[in-house]
Amino acid sequence: MACHPVLKKTINSKYHLVLKSCINCHKTTPDSMSSCGGDCFSCHSQNKLIKTKLKEHQDLASCKACHVNTEDILKFDNKFGPTLLEQLEK
């Protein structure tokens, strides 16, 4: 919760309840709060989490109903080479 304090007000809403499982497992706070963004997915790839075998991670796909994922914006079909996201990850 320290990474995203705004959630304290809305963590019990039906849309954010899925994030309580994150808090239960991930109790540590990053050393450098200045490197954190506005939400969990500023630091963690939502798409990579969704593809894991953990149901709790797969449930994060529901966040896409309201929140725009930067990874998804930067991805596009490109027949001529790597995507912009792939270039930025190098």
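Here are a few things to note about the model shown:
- Two-site label geometry, His67 and Asn47: point separation in nm, points 7 Å out along Cα→Cβ: 1.6 nm
- For region 6-11, Karplus couplings with θ = phi - 60° (6.51, -1.76, 1.60), whole Hz, Gly/Pro x: 4, 5, 4, 6, 10, 4
- Each peptide in 44-50, 14-20 gets a packing score, the mean of other Cβ atoms within 10 Å over its residues, and the list from highest to lowest is 44-50, 14-20.
Only the coordinates and a few stated rules stand behind these numbers; no lab work does. It should be emphasised that the depicted structure is a prediction, and the values quoted were computed from it without experimental measurement. Here Cβ is always computed from backbone atoms with ideal geometry, including for glycine, and neighbour counts include all displayed protein chains.
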